Amino acid sequence: ETATATLTVKKIAMQSLVLSPTSVVGANTTAANQITLTEMPAQDISLSATSSKTAAVVPSNVVIPAGSTFTQFPIQTSIVAATVTAGITVSSGNSTKSANLQVTPLVPQTLTVPSPVVGGGNVSATLTMNASVGGAPAVVDVTSSDASVSVTGNAVTVDAGTASKVFTISTVSVSSPV
């Protein structure tokens, strides 16, 4: 006697690729990027990931574990001189999802100096960047158009992991307000 059975192979497709945030300052990592499947797999699902730009590096292989419909993965960015849009693509078989990540430059945002400043002494100022400095410290040139004010070394180093730096400005005595 012969028995016949029908085997249905169901493909599990990607439902979405969500990048969070969609814009990041270079030299920082985004970790809340999420891939979601349409159904829960019985075994691990391995996906390949690529980036169209070297300013945004993704892991080449992203795994969604068995019993889960989603996973998160990091994107490591590098320092850029101008805004770069990187196309992030995740695929498995014939299922592909893409999203864009903007990588923006790390730049000074504000320079806070107390006012008024009395000539002939030192004053503390604060340089604040547009984001925390990732990776290595950031060196920012700080100069004055007025000869009575100087910054030691004409540069301020903002440490990695911070977004601001307090530094000293030296002044000389002046006979009238500048």
As straight-line cross-link partners of LYS11, the qualifying lysines (C-alpha separation under 20 Å, not fewer than 8 residues apart within one chain) are LYS97
Compactness summary of the stretch 20-164: radius of gyration and Dmax from Cα atoms, Å, are 21.5, 74
Per the rule of 0.36 nm per residue minus the C-alpha distance, extending THR38 to ASP141 adds in nm 32.0 nm
Descending packing, highest mean Cβ count within 10 Å first, for 95-102, 137-144 is 95-102, 137-144
Simple SL model, points at 7 angstrom along Cα→Cβ for GLN109 and ALA5; separation in nm is 6.1
Mean projected area (nm²) from the convex hull of Cα positions in the stretch 1-63 is 6.3
Yeah, the stretch 92-172 with a ≥ b ≥ c from its alpha-carbon gyration tensor (a/c under 1.5 is rounded, else prolate when a/b outruns b/c, oblate otherwise) is prolate
Packing-ranked peptide list from 57-63, 117-123, highest mean Cβ count within 10 angstrom first, is 57-63, 117-123
Taking 0.36 nm per residue of separation between SER78 and THR128 and subtracting their Cα-Cα distance, the length gained on full extension comes to 16.0 nm
In debye to the nearest 20, the charge dipole size for the chain, taken about the Cα centre with +1 at each Lys and Arg Cβ and -1 at each Asp and Glu Cβ, equals 200
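FYI, it's all coordinate maths here, none of it is from the lab. Since the structure is predicted, the reported quantities are computational estimates derived from the model, not experimental observations. Note that we place each Cβ from the backbone using ideal geometry, even for glycine, and neighbour counts take in every protein chain shown.
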